[in-house]
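Right, one structure below, let's go through it.
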């Protein structure tokens with residue numbers, strides 16, 4: 001049995017705090033002997049020690065907890081998949097972009113990268129729904145869009161630490177989740 005921790009953002013609705021995540025994360029990770037669990041952003045970081053992998057989905061802003069999660073997975077070499085905000089936490093600075101919200105576009109993937117190993121191509125079509133993007137990072141940039149927006153970041157010499165700016169959980173027949181699960 002493998003456990004994937006999905007980091008959840010809280011929301012206040014009608015003065016009540018809710019935690020959760022999009023059902024597509026569960027659909028993409030509920031496989032034989034794989035059990036996704038929700039980890040609220042105000043959890044003790046030690047909860048991550050029961051996880052064989054971590055997924056950090058999108059959200060509105062990077063929190064201190066998000067940064068601690070990234071530090072923890074790097075230190076412990078736990079497979080990490082960052083999606084949208086989950087990739088942005090890997091950046092040093094963010095910038096505003098006005099042409100990536102609800103758009104499909106091409107991503108140019110560098111060879112000799114984890115992302116190239118997953119997709120077996122140097123170009124893929126992706127979906128976007130973000131207004132911010134990573135301006136710079138200390139980690140390896142493995143893909144950019146045609147307008148040079150950073151679309152994927154990875155940390156070399158780790159089992160699997162990858163962030164993507166798009167939303168593979170919403171794409172049919174996308175191979176990213178299956179590849180990630182194979183690395184647990």
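Rule-based calculations on the coordinates, nothing more; no lab input. Source: prediction; values computed, not measured. With ideal geometry, Cβ positions are generated from the backbone for all residues, glycine too; neighbour counts draw on all protein chains shown.
See the values below:
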item: Label of the coordinate-derived value, Cα extents along the principal axes in Å, listed as (i) 75, 30, 29; (ii) 40, 37, 31; (iii) 45, 38, 30; result: (ii)
item: The chain: antiparallel DSSP beta bridges as a percent of all, rounded to 5; result: 60 percent
item: Shape call, segment 92-184: gyration tensor on alpha carbons, a/c limit 1.5; result: oblate
item: Mean Cβ count within 10 Å, highest first, over the residues of peptides 155-168, 138-151, 98-111; result: 155-168, 138-151, 98-111
item: Burial ranking of peptide ranges 114-122, 2-10, 16-24 (average Cβ count within 10 Å, highest at the top); result: 2-10, 114-122, 16-24
item: Computed [θ] at 222 nm, deg cm²/dmol, the chain (DSSP H ≥ 4; -39,500 (n - 2.57); rounded to nearest 500); result: -5000 deg cm²/dmol
item: Backbone N within segment 31-74 under 16 Å of label point (7 Å from residue 170 Cα along the Cβ vector); result: 57-60
item: Segment 159-184 and segment 1-46: distance between their alpha carbon centers, rounded to Å; result: 16 Å
item: Extended-chain gain in nm, criterion 0.36 nm per residue less alpha-carbon gap, residue 104 and residue 32; result: 22.8 nm
item: Residue-span extension gain [residue 14 to residue 71] - 0.36 nm each, minus C-alpha spacing; result: 17.1 nm
item: Residue list for segment 74-89, given a label point 7 angstrom along the Cα-to-Cβ vector of residue 157 and an amide N cut-off under 15 Å; result: 74-77
item: Spin-label model distance (nm) - residue 111 vs residue 60, 7 Å beyond Cα toward Cβ; result: 4.5 nm
